[in-house]
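First the structure, in the form of structure tokens, and then the observations on it.
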Amino acid sequence: AVVLTPDTSSGVDQTEPLMSRVIAVHPNGSIRWSITVAGYAEGTPVVGGDLIYVAHNVFNANTEQYEGAISVIKDNGGGGNAILAAEIIPDDRAEPFGPLTIR
């Protein structure tokens, strides 16, 4: 198992939560919407209709490891906004997640 630990040599305060931003863009390159998820996003989000699935890993200070989660983002159409519809956190997420795949 790969265990990721925060880099304490950088002087970065590890008590501050790491956040990642998921950004959707229009074909012309302008931003459609953006939303943040906890931890660091892993790989490319998977899009299914108006739902976007994002794997991300959140640092657990108790275990001193990154643990996986999946956020489900709902694109609310052309209005330029999105909402965090759900966060899936498996009970056995003792290790980081890799990128999502389509099956």
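When the residues of region 21-63 are filtered to those that are touching a Ser or Thr at 6+ places or on another chain (Cβ under 8 Å) and open to solvent by 70 Å² or more (accessible area, probe 1.4 Å), the one that is nearest to Ile89 (Cα to Cα) is Tyr53.
Of the residues making up region 22-54, those that are of a type outside the set (Ser, Thr, Tyr), assigned to a strand (DSSP E or B) and under 8 Å from the mean Cα position of the chain (by Cα) are Val22, Val37, Ala38, Ala41, Val54.
Only residues that are closer than 18 Å to Ser34 by Cβ and open to solvent by 40 Å² or more (accessible area, probe 1.4 Å) were counted in region 64-101, giving 9.
The values are calculated or read from the model by the stated rules, or taken from the named source; none is laboratory data. If you're wondering where the values come from, they're calculated on a predicted model, not measured in any experiment. So basically every Cβ, Gly included, is an ideal-geometry build from the backbone, and we count neighbours across all protein chains shown. Protein only, heavy atoms only, side chains kept; ligands, DNA and RNA dropped before computing areas. Shrake-Rupley method; radii C 1.70, N 1.55, O 1.52, S 1.80 Å.
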